[in-house]
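What follows is a single structure, written as structure tokens, with notes after it.
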Amino acid sequence: QVQLVESGGGLVQPGGSLRLSCAASGSIFSINNMGWYRQAPGKERELVAAIPRDGRTRYADSVKDRFTISRDNAKNTVYLQMNSLKPEDTAVYYCNAEIRSRSSLVLYNYWGQGTQVTVLS
């Protein structure tokens, strides 16, 4: 059984910072791409940032130069450092990872349970 567990969401003033963490656990053989998505009320889920195993990152235009994604392959963990937060960043943030389990070696797409980020307006 593979699962992703997120932490680090919360309430923050505009201009503030938060750091999200997402740890993958279970019978993991390997992890390919890891990323963060977000979904605001009434909107579709959108990609915020992604990082493959080689570390090359990509970001949504709306968060470039404010958010930084990183990963620790030894800990099967991905992070999202969010600086200069704006009210429009308010959303539920979801961790995503492409994982091969030891039992099947098939690549599956896993999601975390989501963590709320609220930036006061």
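The values are calculated or read from the model by the stated rules, or taken from the named source; none is laboratory data. In this text, all values refer to a predicted model and were calculated from it rather than measured experimentally. Glycine also receives a Cβ, built like all others from the backbone with ideal geometry; neighbour counts cover every protein chain displayed. These accessible areas exclude ligands, DNA and RNA; they are computed on the full protein's heavy atoms, side chains included. Shrake-Rupley method; radii C 1.70, N 1.55, O 1.52, S 1.80 Å.
Within the range 46-63, residues that are part of a loop (DSSP other than H, G, I, E, B) have Cβ atoms under 6 Å from residues that are surrounded by 15 or more Cβ atoms within 10 Å (Cβ to Cβ) and not hydrophobic (A, V, I, L, M, F, W, C) in these pairs: Pro52/Asn33, counting only partners at least 6 apart in sequence or on another chain. Here Ser84 passes the criteria (1) over 15 Å from Gly16 (Cα atoms); (2) in a loop (DSSP other than H, G, I, E, B) except the one numbered (1). When the residues of the range 41-66 are filtered to those that are open to solvent by 100 Å² or more (accessible area, probe 1.4 Å) and closer than 23 Å to Ser30 by Cα, which remaining residue is modelled with the lowest pLDDT? That would be Arg53. The single condition among (1) open to solvent by 10 Å² or more (accessible area, probe 1.4 Å); (2) more than 23 Å from Gly15 (Cα to Cα); (3) among the aliphatic types (A, V, I, L, M); (4) at pLDDT 95 or above that Val106 does not satisfy is (4). In the range 65-72, the count of residues that are of a type in the set (S, T, N, Q) and touching a residue at least 24 places away in the same chain (Cβ under 8 Å) is zero.
Remark: pairs (first residue in the range 106-118, closer than 12 Å to Gln3 by Cα; second residue part of a loop (DSSP other than H, G, I, E, B); Cβ separation under 9 Å; 6+ apart in sequence or on different chains) = Tyr108/Val2; Tyr110/Val2. For Met82, the conditions (1) modelled with pLDDT of 95 or more; (2) open to solvent by 60 Å² or more (accessible area, probe 1.4 Å) all hold with the exception of (2).
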